[in-house]
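Input: a single structure, listed below in structure tokens.
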Amino acid sequence: MRTPDIYLRSIGVHLPPVVSVETAVAEGRYPADEMEYFRLGGAAVAGDVPAPELALRAARHAFERSGGMSPRDLDLMLYADVWHQGPEGWQPQYYLQQHLIGGDVLSVELRHGCCGLFSALQLAAGYLRPGGSALLVGADNHGTPLVDRWRMIEGNVMGDAGCALLLTTDTGFAELRSVNVVVLPEAESVNDGGVPMFPPDATVGRPLDFAARNREFRKRLFARDGAGVMLAIQTTLMGLVDRTLKEAGITLDEVARVAFPHGRWDDLEHRGVNWFGLTLADTTWDYGARIGHLGVSDQFVALDHLLAAGALARGDYMLLVGLGAGTTMACAVLRILDVPQEYAPGGPG
């Protein structure tokens with residue numbers, strides 16, 4: 001989807017303190033024999049701060065950086081998440097409406113897995129009219145009894161974060177050139193673990209264990225045509241990236257940096273970057289390994305980090321790639337028009 005006249009006005013991030021892998025090993029939470037191979041640094045851990053509060057702090061940060069935009073100026077708010085946000089039967093976007101933007105803005109929660117913020121980008125780009133603006137927020141706190149953040153995903157750990165994007169149709173520091181989200185329905189069983197759909201996991205206290213689910217799927221892969229599904233994921237993702245780059249009017253050679261989901265380095269190297277002729281150094285893996293997989297926020301928190309580190313300059317293109325259960329795949333291209341003052345050394349950011 002081409003996205004003319006859609007701009008990223010500001011990014012807000014609330015990243016809790018990081019708990020190191022060494023600390024997790026000392027506490028018996030992370031297996032010591034995996035430290036050297038998986039090269040992880042730690043996970044951002046929010047403690048008992050609710051995910052909607054992480055979202056609110058990130059949204060306020062985005063408005064502080066927006067150059068004078070008001071929450072009352074918004075036309076749309078989309079709230080993306082992957083894990084439980086608060087009381088059942090309650091929706092987290094109402095917390096932001098209560099404490100930040102008010103009730104006159106269309107506000108919707110999106111549950112589209114780890115590609116949720118990409119889906120929000122695509123929906124907002126289609127919704128906004130000239131002069132319009134949107135707030136896209138993503139937040140997750142995985143520190144709940146049904147999640148073991150240190151062992152839930154083999155070779156990876158789960159982090160917590162809030163992230164907010166302010167989109168406008170007139171001006172911003174980055175231009176959204178294209179965005180696409182697709183789903184491969186035949187791969188919906190990759191993450192189901194073979195567990196019953198009813199009653200839902202959370203209602204019976206069944207933990208979320210992707211490591212066990214992946215092992216179960218691998219058994220099915222060899223018993224049936226799972227290899228065909230995995231090949232379809234690869235070819236679909238490559239086609240999606242190619243289409244998104246073409247819609248943006250560039251080639252992969254023109255991309256300065258690529259943000260993938262924060263995951264295992266060996267998965268990314270052997271089933272990710274090498275498909276596109278990249279190396280880990282072209283990606284944000286090193287940063288992601290220090291803070292964990294943040295649910296919906298990985299690529300956009302990494303973008304904020306690259307800007308703060310001076311790793312992106314005016315005119316640079318950035319490619320963002322998403323993968324989620326479903327199997328959902330997403331891709332977006334941003335062009336940096338200017339590096340905001342808050343990212344300069346000593347700036348107000």
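Things to note:
- Each part reduced to its alpha carbon centroid, the stretch 2-66 and the stretch 171-250 end up 22 Å apart.
- Mean separation of Cα contacts under 8 Å, 6 or more apart, over the residue count of the chain: relative contact order %: 24 percent
- Here is what passes the span test in the chain: the DSSP H helices with alpha carbon length of 27 Å or more along the helix axis and a Kyte-Doolittle mean of -0.5 or above are 226-248.
- Accessible surface computed residue by residue for the stretch 64-111, with neighbouring protein chains in place and a 1.4 Å probe, gives 53 Å² per residue.
- For the stretch 21-93, GluC sites (Glu not before Pro) are listed when DSSP marks them as loop and at most 10 other Cβ atoms sit within 10 Å of their Cβ; the list is GLU27, GLU88.
- Taking label points 7 Å from Cα along the Cα-to-Cβ direction, ALA26 and THR251 give a separation of 5.1 nm.
- Panel note: the C-alpha atoms of the stretch 155-210, placed on their principal axes, show extents of 48, 29, 26 Å (largest first).
- In whole percents, the pair-distance distribution calculated for the stretch 188-326 from its alpha-carbon pairs, binned every 5 Å from zero, is 2, 8, 16, 18, 18, 15, 10, 7, 4, 1, 0.
- Only helices enter this figure: runs of n ≥ 4 DSSP H residues, each worth -39500 (n - 2.57), summed and divided by the residues of the chain, yield -9000 deg cm²/dmol at 222 nm to the nearest 500.
- Length-normalised contact order of the stretch 49-207 in % [C-alpha pairs under 8 Å, at least 6 apart]: 28 percent
- Rounded to the nearest 20, the Cβ-based charge dipole of the chain about its Cα centre (Lys and Arg +1, Asp and Glu -1) stands at 360 debye.
- Each 20 Å bin from zero holds the following percent of Cα-Cα pairs in the chain: 31, 61, 8.
- The equivalent ellipsoid that matches the C-alpha gyration tensor of the stretch 47-152 spans semi-axes of 25, 15, 12 angstrom, in descending order.
- Packing-based ranking of 246-258, 164-176 yields 164-176, 246-258, ordered from highest to lowest mean Cβ neighbour count within 10 Å.
The values are calculated or read from the model by the stated rules, or taken from the named source; none is laboratory data. The shown structure was predicted, so the numbers you read here are calculated from the model rather than taken from an experiment. With ideal geometry, Cβ positions are generated from the backbone for all residues, glycine too; neighbour counts draw on all protein chains shown. Note: accessible area is taken over every heavy atom of the protein model, side chains too, but ligands, DNA and RNA are not part of it. Shrake-Rupley method; radii C 1.70, N 1.55, O 1.52, S 1.80 Å.
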